[in-house]
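See below for the structure under consideration.
The values are calculated or read from the model by the stated rules, or taken from the named source; none is laboratory data. For clarity, every value in this text was computed on a predicted model and none was experimentally measured. Cβ placement follows ideal geometry from the backbone for every residue including glycine, while neighbour counts extend to all protein chains displayed. Only protein heavy atoms, including side chains, enter the accessible area calculation; ligands, DNA and RNA are left aside. Shrake-Rupley method; radii C 1.70, N 1.55, O 1.52, S 1.80 Å.
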Amino acid sequence: MITVIGDVVVDLFVQKSGNHYATDTESTITTKAGGQGNHVAAWISSTGEQSTLIGRIGNDVHGEFLIREAKQLGIRLALEVDQSVETGKIVILVDENNGERSMFNDRGANKYLTVEQIEQVDSIIQKSTLIYISGYSLFDPLTRKAVEKAKELAEKHHTPIAIDPSSTYFLDQHHDYVNEFIRGTDFLFPNYEEGIILTGKQRPEDIMRKLKIIVKNPVLTLGQDGCMVFHEDRLLHIRGHDVKVVDTTGAGDSFIGSFLSQYSKSSNLKEAAQYANEQAAKTVQYIGGRPDQ
């Protein structure tokens, strides 16, 4: 069982052509389950491994929707319902030309993940083969304490730890803290821009070699160019897939969830990276970051 600690939100996708300032703009708006932690758990579950999701939602219709959708995907839930704060929401503007997205983020109840909530799921962390921590939890003082406790418990139980830096914007402000937090962990999944911030290096090969000093298994994602991973002490570039990109939302999450799921079966970093590339390439061909049901 892989346990995921991270955000659970509703994604509101806005597809539009043009923008008419201070008046109406024709658009298509779609509601989907979202949140980095939620996406990673979904991909772990859909690719054949058991996942448990630890997070926080509001006592509202959005929270109810997220619970139903997660259960449909077979995700085990350890969610706490906040009675005073709404479920998190993200408005996502999708560029119709290249599928890139701009996000307006209201983390809502996710910001109130507590040390006490983590302590209550100690037995889940102990039984896990690995825990994944979303980097968004490292950027807020309250959730930072919660994931520090999760890391402490995982280390006590000798449970491997995987981390995704999550956001170049927030990482740029907190990179010193993140660099310290990730030290000695088992898996790190930065994209190229995040790798630059964490290491100060520009060449992907140099980024990987510096990260290897800090974490046991760095995996650098490179979009359509694939990814880089160390396998049997050799640095490999696993090529990506040339597909038509519709929406990049959740591509990194699908990569991570698929990678961790495959690695838990094979213990082979190269095979896990190849499989994750395939799944991420499928994800970008439709709207939303969830497995295509």
When region 130-153 is checked residue by residue, the ones that are open to solvent by less than 30 Å² (accessible area, probe 1.4 Å) and modelled with pLDDT under 95 are Ser134, Gly135, Ser137, Leu138, Phe139, Thr143
Region 61-89 - residue that is small (Gly, Ala, Ser) and touching a residue at least 12 places away in the same chain (Cβ under 8 Å) and, of those, surrounded by the most Cβ atoms within 10 Å (Cβ to Cβ): Gly88
From the list Phe181, Phe189, exactly one residue is within 15 Å of the chain's Cα centre (by Cα) and either open to solvent by less than 40 Å² (accessible area, probe 1.4 Å) or more than 21 Å from Glu232 (Cβ to Cβ) (or both). Which is it? Phe189
Quick check on my filter: what residues within region 235-252 are modelled with pLDDT of 95 or more and either under 19 Å from Gly184 (Cβ atoms) or open to solvent by 30 Å² or more (accessible area, probe 1.4 Å) (or both)? Leu235, His237
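Could you tell me how many of the residues in region 7-32 are over 18 Å from Ala280 (Cβ atoms) and either touching a residue at least 60 places away in the same chain (Cβ under 8 Å) or in contact with a Cys (Cβ under 9 Å, 6 or more places away or on another chain) (or both)?
Selection size over region 7-32: 11.
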Would you confirm whether any residue within region 79-87 is of a type outside the set (Ser, Thr, Tyr), at pLDDT 95 or above, within 23 Å of Ile2 (Cα to Cα) and within 20 Å of the chain's Cα centre (by Cα)? yes
Do the conditions hold for Gly257, that is, is it at pLDDT below 95, in a helix (DSSP H, G or I), buried (at least 19 other Cβ atoms within 10 Å of the Cβ) and out of contact with any Gly (no Cβ under 8 Å at 6 or more places or on another chain)? no
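Within region 12-68, track down each residue that is part of a strand (DSSP E or B) and among the aliphatic types (A, V, I, L, M). Please lay out each step first, then the result.
Going through region 12-68, the residues part of a strand (DSSP E or B) turn out to be 12-16, 27-34, 51-58.
Scanning region 12-68 gives Leu12, Val14, Ile29, Ala33, Leu53, Ile54, Ile57.
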Within region 112-129, restricting to residues that are of a type outside the set (S, T, N, Q) and within 25 Å of Asp176 (Cα to Cα), the one that is surrounded by the most Cβ atoms within 10 Å (Cβ to Cβ) is Leu113
